[in-house]
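Here's the structure we're looking at; comments come further down.
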Amino acid sequence: MKPMIVDHPLLQHKISLLRNKQTGTKEFRDLVSEIATLLCYEATRDLPTEEVEIETPIATAKTKVLAGRKLALVPILRAGMGMLDGMLTLIPAAKVGFIGLYRDETTLQPVEYFCKLPEDIAERDVLVLDPMLATGGSATDAISQIKKRGAKRIKFIGLIAAPEGIEALHNAHPDVDIYVAALDDHLNENGYIVPGLGDAGDRIYGTK
Ligand code: PRP
Ligand code: URA
């Protein structure tokens, strides 16, 4: 599947607010969570349903419920954590795993420092969360870790991607569907997305 650029007007509006350097930490964090909820809606569009019969106050209705597909959410620390609550708003029963990675500032290569995944991850549909897909190194590495534990159905959910990141992730993991709210122009010489929104982790947690 081609990367899905989810360009709903509500998402575009909220992404514009995120990009603005005047947006403060609290508003930024709230927006990341709201955008994650909207992306979750789109990324779960293909969940299987099954028909059930229920009694309404008026009559019997043949209607649909989720067919019980098991889900796992895996935020990439730190910035991916900002998306977790927004995703859980719509899929509260999902199990949650964590992968800790940071980009080495010089080499831009991901350095892994933590990995804790649900024991039954192999049986679950996995949604990997990270606001930024820049070189694609972090997402590619995280997904390799998840595949090593046996997971087969994986989607990547992000806020903003660079073309370089989409290409790298797709080349490494062509089976992984990519959902983002914006596809930006390019990476700068420091590996930041242009125009992007700056350092997502720092803006969510107010560390700079
Ligand atoms: C950011 C972002 C991604 C990564 C994207 O994390 O949240 O994980 O960079 O870049 P890439 O596609 O080039 O790998 P960062 O390394 O700044 O760590 P943080 O979330 O702890 O701030
Ligand atoms: N990580 C970020 O947080 N922002 C970028 O633009 C690139 C990587």
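The set of residues in the range 107-124 being of a type outside the set (A, V, I, L, M), open to solvent by less than 100 Å² (accessible area, probe 1.4 Å) and within 20 Å of Gly150 (Cα to Cα) consists of Glu112, Phe114, Cys115, Pro118, Asp120, Arg124. Whenever a residue of the range 89-108 is under 16 Å from Val74 (Cβ atoms) and touching a residue at least 40 places away in the same chain (Cβ under 8 Å), its partners that are within 16 Å of ligand 2 (Cβ to nearest atom) and part of a helix (DSSP H, G or I), lying with C-beta atoms within less than 7 angstrom and at least six residues away or across chains, give the pairs Ile99/Ala142; Leu101/Ser138; Leu101/Asp141; Leu101/Ala142. Please go through the range 159-172 and give me each residue that is in contact (Cβ under 8 Å) with a residue 12 or more places away in the chain, open to solvent by 10 Å² or more (accessible area, probe 1.4 Å) and farther than 11 Å from Thr135 by Cα, ordered by number. Across the range 159-172, the qualifying residues are His170, Ala172. Look at (1) at pLDDT 95 or above; (2) within 16 Å of ligand 2 (Cβ to nearest atom) and you find that Leu108 fails only one, number (1). Counting just the residues of the range 191-208 that are assigned to a helix (DSSP H, G or I) and of a type outside the set (Lys, Arg), which one comes out nearest to ligand 2 (Cβ to nearest atom)? Result: Ala200.
Yes/no matrix, rows are residues, columns are (1) surrounded by 13 or more Cβ atoms within 10 Å (Cβ to Cβ); (2) not charged (D, E, K, R):
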{"position": "Met1", "(1), (2)": "no, yes"}
{"position": "Gly24", "(1), (2)": "no, yes"}
{"position": "Glu27", "(1), (2)": "yes, no"}
{"position": "Arg78", "(1), (2)": "yes, no"}
{"position": "Pro92", "(1), (2)": "no, yes"}
{"position": "Val96", "(1), (2)": "yes, yes"}
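Report, by residue number, each residue of the range 136-172 that is of a type in the set (D, E, K, R) and closer than 18 Å to Ala72 by Cβ. Correct list: Asp141, Lys147, Lys148, Arg149, Lys152, Arg153, Lys155. The listed residues are Asp141, Asp125, Asp130, and the only one of them that is over 27 Å from Lys14 (Cα atoms) and in contact with a Pro (Cβ under 8 Å, 6 or more places away or on another chain) turns out to be Asp141.
Taking the range 173-208, which residues are of a type in the set (A, V, I, L, M, F, W, C), surrounded by fewer than 20 Cβ atoms within 10 Å (Cβ to Cβ) and touching an Asp or Glu at 6+ places or on another chain (Cβ under 8 Å)?
Leu187, Val194 - these are the residues of the range 173-208 that are of a type in the set (A, V, I, L, M, F, W, C), surrounded by fewer than 20 Cβ atoms within 10 Å (Cβ to Cβ) and touching an Asp or Glu at 6+ places or on another chain (Cβ under 8 Å).
Residues in the range 163-190 that are part of a loop (DSSP other than H, G, I, E, B) and more than 11 Å from ligand 1 (Cβ to nearest atom): 8 in all.
Filtering the range 135-157 down to residues that are touching a residue at least 60 places away in the same chain (Cβ under 8 Å) and under 18 Å from Arg103 (Cα atoms), which residue is nearest to ligand 2 (Cβ to nearest atom)?
Ser138
For the range 41-53, a residue qualifies if it is open to solvent by less than 80 Å² (accessible area, probe 1.4 Å) and either more than 18 Å from Val126 (Cα to Cα) or touching a Leu at 6+ places or on another chain (Cβ under 8 Å) (or both), and the qualifying residues are Ala43, Thr44, Leu47, Pro48, Thr49, Val52.
The values are calculated or read from the model by the stated rules, or taken from the named source; none is laboratory data. Quick caveat: nothing in here was measured; it's all calculated off a predicted structure. Please note: Cβ atoms are built from the backbone with ideal geometry, for glycine as well, and neighbour counts cover all protein chains shown. Quick note on the areas: whole protein, heavy atoms, side chains included, nothing else; ligands and nucleic acids left out. Shrake-Rupley method; radii C 1.70, N 1.55, O 1.52, S 1.80 Å.
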